[in-house]
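> Provided herewith is a single structure, encoded as structure tokens, for subsequent inquiry.
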Amino acid sequence: MMLLVLLASGCSGARQDTPGASPAAPSTPVPAAAPAAPRPAPAPAEAAPPPAPSATRDIAGLTVTLGDDGSIRVQGTDRWGGDATTTYETVTFLEGALPTLERSLAPAQIEGLRALITEVRAR
């Protein structure tokens, strides 16, 4: 009970402000936030050079480009005329996508992609 009395007396009127006086300013000035440094403009993307003619081939209507980095870009349309353009990071990713591609590409296109996978793996 005595604790409540002490707390109540400490909170009531412990501050003695003079009417009309402004609150005391901090003894040390607070520095203003420095403006953020401007970010450098991003470098413009360089267009990739066109692939060598031997790196691009036609597989039953699909244009397949073998990249120097091991990527494989497939461009063309599926059996319903929809866009089937995509890039696979490696031959392993293309091989893993074949079960899904079999649902939308023509059988001749799938056979050609399988032959390409075998050829790339043999290198």
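The values are calculated or read from the model by the stated rules, or taken from the named source; none is laboratory data. Computed from a predicted structure; not experimentally measured. When we count neighbours, we look across all protein chains shown, and the Cβ atoms used for this are built from the backbone with ideal geometry, even at glycine.
> Which one is nearest to residue 81 (Cα to Cα), of the residues in segment 94-123 that are without any contact (Cβ under 8 Å) to a residue 12 or more places away in the chain and under 27 Å from the mean Cα position of the chain (by Cα)?
Within segment 94-123, the match that is nearest to residue 81 (Cα to Cα) is 100.
> Is it the case that residue 96 is crowded, with 16+ Cβ neighbours inside 10 Å and at pLDDT 95 or above? Don't jump to the end; show me each part of the working.
Numbers: crowded, with 16+ Cβ neighbours inside 10 Å: no; at pLDDT 95 or above: yes.
Here the answer is no, as residue 96 does not meet what is asked.
> Within segment 50-57, can one find any residue that is among the small types (Gly, Ala, Ser) and at pLDDT 65 or above?
yes
> If residue 58 passes every condition in (1) assigned to a strand (DSSP E or B); (2) in contact with a Leu (Cβ under 8 Å, 6 or more places away or on another chain); (3) not basic (Lys, Arg) but one, which one does it miss?
Unmet for residue 58, out of (1) assigned to a strand (DSSP E or B); (2) in contact with a Leu (Cβ under 8 Å, 6 or more places away or on another chain); (3) not basic (Lys, Arg): (2).
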